[in-house]
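I have placed the structure first, in the form of structure tokens, so that the comments after it can refer back to it.
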Amino acid sequence: MPPPPGASPAPARTAPPAKDPAERALGWMHTARFLTTAPQLEFLPPHEHPEIAFVGRSNAGKSTCINTLTQQKRLAFASKTPGRTQSINLFSLGKQGITDAVLADLPGYGYAAVPKQDKLRWQQVMANYLVSRPNLRGVVLLCDPRHGLTELDDILLEVIRPRVEAGLKFLVLLTKADKLTRSDAAKALSIARLQAAGGEVKLFSALKRQGVGETALLLWQWTHDGEP
């Protein structure tokens, strides 16, 4: 029925604004929940979902990064004693309890107080995981840019290089970026890009939330075939 003479027309209905892709990805990351822990590869459950592994030195801020991305304070245990974690921890991702991806938190490496035999054992476990885990979709390497990529990081890069060349996604996250000046941050990015073996490099700060949305979106795209 047309409006009466002199009446203002009814306002047109508009569709609700589309959710920002990074915001949607962060909502997805917030669904993370503990799945299992495994001291050896044979104890990892087989599954068909894409898996993303977080790796890095014991003091690189790996647990803090995972907790920041998932917006959960204690999902990944951040011990005050680096090198304490000695298992692979898996976390499910997916809304309404339906898993569509898995995060793998690998033990930090390079901490001097860990006995040598434990270091050697975990280097081998991590190498086997990175080389042989069939549904591994991507690797996130955490690095403190004030120290740069170390010899152990370079060894890890060599381990995954064949898989990266075959299509494995790879990201170097330069953590604690809030501790860098702008010029130091630019320099750290340039150096890391030269060393990243074809992977992406981003600055990340849990304190300033720098790079959080960008990283969440990238992980979403890795596990959802590039869907924006």
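Please state which one of THR14, THR81, THR68, THR85 is modelled with pLDDT of 90 or more and among the β-branched types (Val, Ile, Thr). Step through it out loud before you land on a result.
Details: THR14 fails: modelled with pLDDT of 90 or more; THR81 fails: modelled with pLDDT of 90 or more; THR85 fails: modelled with pLDDT of 90 or more.
One residue alone meets the criteria, THR68.
Do you know which of the residues in the range 88-113 that are touching a helix residue (DSSP H, G or I) at 6+ places or on another chain (Cβ under 8 Å) and either surrounded by fewer than 16 Cβ atoms within 10 Å (Cβ to Cβ) or outside any strand (DSSP E or B) (or both) is modelled with the lowest pLDDT?
Filtering the range 88-113 for residues that are touching a helix residue (DSSP H, G or I) at 6+ places or on another chain (Cβ under 8 Å) and either surrounded by fewer than 16 Cβ atoms within 10 Å (Cβ to Cβ) or outside any strand (DSSP E or B) (or both), the one modelled with the lowest pLDDT comes out as GLY110.
Going through LEU120, LEU152, LEU171 one at a time, which residue ends up being at pLDDT 95 or above and either out of contact with any His (no Cβ under 7 Å at 6 or more places or on another chain) or not in a strand (DSSP E or B) (or both)? So that I can check it myself, show each step before the final result.
Details: LEU120 fails: at pLDDT 95 or above; LEU152 fails: at pLDDT 95 or above.
From the options LEU120, LEU152, LEU171, the qualifying one is LEU171.
Which condition number does ALA127 fail, the rest of (1) of a type in the set (Gly, Ala, Ser); (2) surrounded by 15 or more Cβ atoms within 10 Å (Cβ to Cβ); (3) under 25 Å from ASP225 (Cα atoms) being met?
Single failed check for ALA127: (3).
Out of the range 26-70, which residues are touching a Cys at 6+ places or on another chain (Cβ under 7 Å) and in a loop (DSSP other than H, G, I, E, B)?
Passing the criteria: only ALA60.
So, of the residues in the range 192-228 that are among the β-branched types (Val, Ile, Thr) and under 21 Å from SER58 (Cα atoms), which turns out to be nearest to the chain's Cα centre (by Cα)?
Filtering first and then ranking leaves THR215.
Would you check which residues across the range 180-214 are crowded, with 20+ Cβ neighbours inside 10 Å and in contact with a strand residue (DSSP E or B) (Cβ under 6 Å, 6 or more places away or on another chain) and list them?
ALA188, ALA192, GLY199, VAL201, LEU203, PHE204, GLY211
Tell me which residues, restricted to the range 215-228, are of a type in the set (Phe, Trp, Tyr) and surrounded by 21 or more Cβ atoms within 10 Å (Cβ to Cβ). Give the derivation first.
The initial filter retains those residues of the range 215-228 that are of a type in the set (Phe, Trp, Tyr), namely 220, 222.
Passing the criteria: only TRP220.
Of the conditions (1) at pLDDT 95 or above; (2) more than 26 Å from GLN71 (Cβ to Cβ); (3) among the hydrophobic types (A, V, I, L, M, F, W, C), LEU194 clears all except one; give me its number.
Here LEU194 meets the rest and fails (1).
Which of the following residues is in a helix (DSSP H, G or I) and over 24 Å from ASP100 (Cβ atoms): ARG146, ARG193, ARG163?
Working: ARG146 fails: in a helix (DSSP H, G or I); ARG163 fails: over 24 Å from ASP100 (Cβ atoms).
Of ARG146, ARG193, ARG163, the one residue that is in a helix (DSSP H, G or I) and over 24 Å from ASP100 (Cβ atoms) is ARG193.
Might you let me know whether the range 39-50 holds any residue that is of a type in the set (Phe, Trp, Tyr) and closer than 19 Å to LEU93 by Cα?
Scanning the range 39-50, I find no residue that is of a type in the set (Phe, Trp, Tyr) and closer than 19 Å to LEU93 by Cα, so the answer is no.
Just checking, does the range 154-169 include any residue being surrounded by 13 or more Cβ atoms within 10 Å (Cβ to Cβ), touching a Ser or Thr at 6+ places or on another chain (Cβ under 7 Å) and not small (Gly, Ala, Ser)?
For the range 154-169, residues surrounded by 13 or more Cβ atoms within 10 Å (Cβ to Cβ), touching a Ser or Thr at 6+ places or on another chain (Cβ under 7 Å) and not small (Gly, Ala, Ser): absent.
Given the options ALA197, ALA188, name the one that is on the phi > 0 side of the Ramachandran plot, of a type outside the set (Ser, Thr, Tyr) and in contact with a Leu (Cβ under 6 Å, 6 or more places away or on another chain). Don't jump to the end; show me each part of the working.
Details: ALA188 fails: on the phi > 0 side of the Ramachandran plot.
Result of the check over ALA197, ALA188: ALA197.
The values are calculated or read from the model by the stated rules, or taken from the named source; none is laboratory data. None of the values given here were measured: they were computed from a predicted structure. Cβ sites come from the backbone with ideal geometry, for glycine too, and all protein chains shown count toward neighbours.
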